[in-house]
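Chemist: I am attaching a structure below and will ask some questions about it afterwards.
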Amino acid sequence: MARLVMVSNRVIDFNVAQQAGGVTVAIYNTLAQQNGFWFGWDGQIDNSDSPELKVARVDGHTTVTEPLTTDDYNEYYLGYSNSVLWPVFHNRLDLAQFEAGYYSRYVAVNERFARHLAPLIEPDDVIWVHDYHLLPMALELRKLGIENPIGYFLHIPVGPAQALLAIPEYKEIAKALSAYDLIGLQTQSDVRNLIDFFQQSVFGRLLPSGRIRVLEAELDIGCFPVGIDPADFAFGPDEAEELRAAETSEINRIIGIDRLDYTKGLPQKFKSYGRFLEEYPEYRRRIVLSQFAPPTRESVEAYADIKAELESLAGSINGRFGELDWVPINYIHRTIPRAELRDVYRSSRIGWVTPLMDGMNLVAKEYIACQDPADPGVLILSKFAGAAEQLAAAVLVNPYDLNDLVHGLRIALEMPLEERSARHAQLLDIVRKSDSNAWSRSYFSALMKAGQRRLARAPKSSSEMGKALERLQSTAKKNNPPSRFAANVVT
Ligand code: GDG
């Protein structure tokens, strides 16, 4: 079996799998199924001259990590990754900060990670790089002579080409992406936007084979919607019975769980909730909005702004509508333990997910997986979350339109059991079929094929390339996954 080398900005400790964040959850689930290791930042800051790589093994899983320096953290992580790429890819050019020095530090950290990773790579390894922090990783690894298949998966959405072209280094970004064998994205709409970007930035050309030529390279772009492991959220029959018996509350809980991020549409959610209470007074005292919003990237200005805005909105709605024995919004700015998520989802009548733009949104899928099929809650989902391409049976809403949010809430609260059950059955079927296992297996299989195509195009004279291709073809045969996984791949 080929080893899978996962590379991402942040590596979590397998012992402490509580930490929030969609990317780490997706990688964690994959490595629980497949042999390999996980390389990246350990979350620590260390300004000493040459800090050592740390290797940790927990339950058969290996992580290899290194710290960042303070400058790396400020310029590579908070700077270029989270104040340029994150806002631009989410089409928030108004929040992008193009500061001198960010880009060079961003490349330098990628170059250093590649230098430390390259000696650990074995000939049969398959390298899978994750997310916007590490766009230049393949280019840096190739410079060091690594010929293994290298794939990239972008967890965030791809904004319109016009937004991406506003990045001062957009040509370098296109070149960096062209060094991958396969670029995996969450939705068909992301695939269209990226092709558009390649065409407009560096005259990328779609080929009859379905691949795309970008500068000197030919690569595959595909849509691989990330999934969850539904077993993590399932309830046994006894547990379910106990929960039903314990359910006495007359108040319907509406649950929101989102990192406190300006892309998640939280002010819009709070404002529409206030408007709902105003327009439908009969619902006062009958519903409560519990919004968990764990802190994230707090030293970026835009994040501090959204925190203040939410506190003020929650305060004014509670002040205006609250009673001695009823608080309309529970706003909790903390991380809840992962073990408690299931019960919170299960006991909520509505899952309210309203991002302005989101790569996928795993919370939507987790909410569905936790519901009691005999009496399920309703998912309200922004049509601008990647998950909406798959979860069309949710109540789809436009988060920019407060009236539509109010309307969606009313529909969900008044939906009869028969309709709730029918919608939930459809949604659960999709969540199960496109789970995290299907995601990683379909991506892995497509990456092996894309790696073979690149090596097959290499000049015949290169004996190293020839050997690499032979090795890859034999590994691909051994790793061939069942064909149902390949059906997700669109190249
Ligand atoms: C990125 C993309 C894409 C949240 N709060 C707590 C907590 N969480 C967990 C949720 C879920 C995960 O974090 C959040 O995942 P999302 O998908 O909703 O969002 P991002 O973190 O923005 O993830 C996103 C994802 O990557 C995967 O590709 O879907 O679009 O932006 O699993 O349950 N977990 C715990 N406590 C919390 O307070 N334990």
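Chemist: Find, among the chymotrypsin sites (Phe, Trp or Tyr not before Pro) in the stretch 51-118, those assigned to loop by DSSP (not H, G, I, E, B) with at most 16 other beta-carbon atoms within 10 angstrom.
Modeler: The qualifying sites are Phe98.
Chemist: Put +1 on the Cβ of every Lys and Arg and -1 on every Asp and Glu Cβ in the chain; which of Pro281, Ile411, Ala388 then has its Cα farthest towards the positive end of the dipole?
Modeler: Ala388
Chemist: Nothing charged except the Cβ atoms of Lys and Arg (+1) and of Asp and Glu (-1): what's the magnitude of the dipole of the chain about its Cα centre? Round to the nearest 20 debye. Before the final figure, lay out the partial values.
Modeler: Numbers: 52 positive and 63 negative charges, 325 e Å.
Magnitude of the dipole: close to 1560 debye.
Chemist: May I pose another question? Rounded if a/c is under 1.5, else prolate if a/b is larger than b/c, else oblate: which is the stretch 231-433, with a ≥ b ≥ c the root eigenvalues of its Cα gyration tensor? Don't skip to the end; give the middle numbers.
Modeler: Working: a/c = 1.42, a/b = 1.24, b/c = 1.15.
Rounded is the answer for the stretch 231-433, as its axis ratio a/c remains below 1.5.
Chemist: Starting at the first residue of the stretch 326-339, write each ³J(HN,Hα) from the Karplus equation 6.51 cos²θ - 1.76 cosθ + 1.60 with θ = phi - 60°, in whole Hz, x for Gly and Pro.
Modeler: Calculated HN-Hα couplings, in order: 8, 10, x, 10, 9, 10, 10, 9, 8, 8, 9, x, 4, 5 Hz.
Chemist: Let me ask another. Where in the stretch 153-195 does the label zone of Glu389 land, with the point 7 angstrom along Cα→C-beta and an amide N cut-off under 16 Å?
Modeler: The answer is 153-161, 183-195.
Chemist: Which peptide among 180-189, 415-424 comes first, and what is the full order, when sorted by highest mean count of other Cβ atoms within 10 Å?
Modeler: 180-189, 415-424
Chemist: In whole Hz, with x marking every Gly and Pro, tabulate ³J(HN,Hα) for the stretch 205-213 from phi via Karplus 6.51 cos²θ - 1.76 cosθ + 1.60, θ = phi - 60°.
Modeler: Result, rounded to whole Hz: 10, 6, 9, x, 5, x, 7, 10, 8.
Chemist: Hey, which of these cross-link pairs are over 20 Å Cα-Cα: Lys171/Lys264; Lys271/Lys365; Lys264/Lys365; Lys143/Lys171; Lys54/Lys143; Lys175/Lys383? Before the final figure, lay out the partial values.
Modeler: Details: Lys171/Lys264 29 Å; Lys271/Lys365 25 Å; Lys264/Lys365 16 Å; Lys143/Lys171 18 Å; Lys54/Lys143 24 Å; Lys175/Lys383 32 Å.
From the list (Lys171/Lys264; Lys271/Lys365; Lys264/Lys365; Lys143/Lys171; Lys54/Lys143; Lys175/Lys383), the Cα-Cα distance tops 20 Å for Lys171/Lys264; Lys271/Lys365; Lys54/Lys143; Lys175/Lys383.
Chemist: Right, next: Asp372 to Ala308: extension gain in nm, 0.36 nm per residue of separation minus the Cα-Cα distance? Display every interim value, and only then the final one.
Modeler: Values: separation 64, 0.36 × 64 = 23.04 nm, distance 3.60 nm.
Taking 0.36 nm per residue and subtracting the Cα distance, the gain is 19.4 nm.
Chemist: Divide by every residue of the chain the summed helix terms, -39500 (n - 2.57) for each DSSP H run of at least 4, and state the resulting mean residue ellipticity at 222 nm, rounded to the nearest 500 deg cm²/dmol.
Modeler: On the way: 17 runs with 201 residues, N = 491.
Only helices count here, giving -12500 deg cm²/dmol.
Chemist: With charges set only on the Cβ (+1 for Lys and Arg, -1 for Asp and Glu), what does the dipole of the stretch 231-433 come to about its Cα centre, in debye to the nearest 20? Working shown, then result.
Modeler: On the way: 25 positive and 32 negative charges, 66 e Å.
Computed charge dipole of the stretch 231-433: roughly 320 debye.
Chemist: How much net charge surrounds Asn361 when only other residues with a Cβ under 12 Å from its Cβ are counted (Lys, Arg +1; Asp, Glu -1)? List each step's numbers first, then the result.
Modeler: Working: positive: Arg259, Lys264, Lys365, Lys383; negative: Asp258, Asp261, Asp358, Glu366, Glu389.
Cβ neighbours under 12 Å give a net charge of -1.
Chemist: Of Ser249, Asn398, Ala293, which is farthest towards the positive pole of the stretch 231-433's charge dipole, taken about the Cα centre with +1 and -1 on the beta-carbons of Lys, Arg and Asp, Glu respectively?
Modeler: Asn398
Chemist: A further question on this structure: Round to a whole number: what % of the accessible area of the chain belongs to carbon and sulfur, probe 1.4 Å? Kindly include the intermediate steps, with their values, before the conclusion.
Modeler: Numbers: 10100 of 20590 Å².
In the chain, the share of accessible area belonging to carbon and sulfur is 49 percent.
Chemist: What are the residues whose amide H is under 5 Å from the amide H of Arg10, where those residues sit 5 or more places off or on another chain and H is modelled from the backbone?
Modeler: Trp41
The values are calculated or read from the model by the stated rules, or taken from the named source; none is laboratory data. Since the model is a prediction, treat every value here as computed from it, not as a measurement. Methodologically, a virtual Cβ is constructed for each residue, glycine included, from the backbone with ideal geometry; neighbour enumeration extends over all protein chains shown. Each accessible area value is taken on the protein alone, full model and side chains, heavy atoms only, with ligands, DNA and RNA left out. Shrake-Rupley method; radii C 1.70, N 1.55, O 1.52, S 1.80 Å.
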